[in-house]
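A quick write-up on the structure given underneath.
Taken together, the values in this text are just the output of simple stated rules run on the coordinates, not laboratory data. Keep in mind the model is a prediction, meaning the values are calculated, not measured. Here Cβ is always computed from backbone atoms with ideal geometry, including for glycine, and neighbour counts include all displayed protein chains.
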Amino acid sequence: MEELAAVFVARYNYWGVIILMGIGLYAMIAKTNMVKKIIGMNIFQTAIILFYISTAAKYGASIPIIAHGHGAQGHGIRAADYMNPLPHVLMLTAIVVSVATLGVALALAVRVYWNYDSLEEDEILNQIKAGQLNRK
Amino acid sequence: MIWQFDIIILTLVIICGIAAISVRDLLGASILFGAYSFMMCLLWAVMGAVDVAFTEASVGAGVSTVFFVAAVFRTSRSSKD
C-alpha cells in the first residue's frame with residue numbers, strides 16, 4: 001500500500017496535468033461565454049504539452065547541450081545525464097499550432113459578435129430560434 | 001529538475017488557470033491567461049526544456065495575450081459566467 005502511495009505522490013507532475021485538463025474541459029463545456037471557451041481550449045492544449053515535457057524530464061539530468069562537445073574524443077556520453085530532447089522538439093511545433101488555432105477561434109468569435117451582438121452562447125441560440133420562428 | 005520549484009510553480013499554474021476561467025471581466029481573464037502562460041513557461045524552464053520555455057514566453061504569453069486583448073476590445077468586455 002505504501003509503495004502504491006509513493007508511486008502516486010512521486011508523479012505529481014502528472015496530477016497537475018490531469019487537474020489542468022479538467023479545468024480546460026470544464027471551461028469548454030460549462031462556460032457559455034465564447035472567450036472563456038477559447039481560454040479553456042488553450043489551457044487544455046498547454047496541459048497536453050506539459051504531459052509530453054514531463055515524460056522527457058529526469059532527476060539529476062541537465063539540459064540537452066553537450067559541454068565540450070567540439071573536438072572531444074575518447075569518452076562517450078551518458079544519456080542519463082541529459083533530458084530527452086525529442087518531446088521538446090515535438091512540443092515546439094504544438095505551441096505554434098496552438099497559437100494558430102487561437103487566432104482562428106478568436107476571429108470566428110469576433111465574426112459571431114458582429115452578427116448576433118453577443119458572445120453568450122444561450123443568447124445566440126435564442127436569437128437563432130427567434131429568427132426561425134419569424135421566417136415561418 | 002528541482003522538485004521544490006516544480007511543485008510551487010505547478011500550484012501557481014493551477015491557481016492562475018482556475019482564476020482565468022472564473023473571472024467575470026474578460027479583459028482580466030485575458031491578463032490572467034497571460035500570467036498562466038508565463039507560469040507555464042517558468043515550469044518548463046525548471047524542467048529543462050529551455051527551447052519550449054522561450055517559445056512559450058514569446059508566443060504563448062506575448063502573442064496570445066495581444067490576440068485576446070484585441071478580440072475583447074472588438075467585442076464586449078463583460079461575461080455572464
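Values for this structure:
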{"quantity": "Rounded, prolate or oblate (a/c below 1.5 giving rounded, otherwise prolate when a/b exceeds b/c) for segment B:3-74 by Cα gyration tensor", "calculated": "oblate"}
{"quantity": "Cα pair distances of the protein assembly as shown binned at 5 Å [whole percent]", "calculated": "1, 7, 14, 17, 16, 12, 10, 8, 6, 4, 3, 2, 1, 1, 0, 0, 0"}
{"quantity": "Too-long pairs where the Cα-Cα distance tops 26 Å, listed order kept, from A:31/A:58; A:31/A:129; A:36/A:129", "calculated": "A:31/A:58"}
{"quantity": "Residue A:29 paired with residue B:51, simple spin-label distance in nm, labels 7 Å along Cα-to-beta-carbon", "calculated": "3.6 nm"}
{"quantity": "Förster radius 41 Å - calculated FRET efficiency between residue A:79 and residue B:25, Cβ distance, rounded to 0.05", "calculated": "0.25"}
{"quantity": "Cα long-axis angle, helix A:34-56 against chain A (0 to 90 degrees, to the nearest 10)", "calculated": "10 degrees"}
{"quantity": "Most mobile of A:94, A:80, A:56 in a GNM of chain A (Cα contacts under 10 Å)", "calculated": "A:80"}
{"quantity": "Per-residue Cβ neighbour rank within 10 angstrom, fewest leading, A:129, B:80, A:31", "calculated": "A:129, B:80, A:31"}
{"quantity": "Test item: Cα-centred dipole of chain A, Lys/Arg +1 and Asp/Glu -1 on Cβ, debye", "calculated": "360 debye"}
{"quantity": "Other-chain or far-sequence residues with amide H under 5 Å of residue A:62's (modelled H)", "calculated": "A:82, A:83"}
{"quantity": "Kyte-Doolittle mean at least -1.0 and Cα axial length at least 18 Å: DSSP H helices in chain B", "calculated": "B:3-22, B:26-46"}
{"quantity": "Shape box of segment A:1-110 [Cα atoms, principal axes, largest first, Å]", "calculated": "62, 45, 12"}
{"quantity": "In nm, spacing of pseudo-spin labels at residue A:3 and residue A:101 (7 Å Cα→C-beta vector)", "calculated": "3.9 nm"}
{"quantity": "Burial ordering of A:11, A:78, fewest other beta-carbon atoms within 10 Å first", "calculated": "A:78, A:11"}
{"quantity": "Ascending count of other beta-carbon atoms within 10 Å, so fewest first, for A:3, A:120, B:56", "calculated": "A:3, A:120, B:56"}
{"quantity": "Local electrostatic count, residue B:75, Cβ distance below 12 Å [Lys/Arg +1, Asp/Glu -1]", "calculated": "+1"}
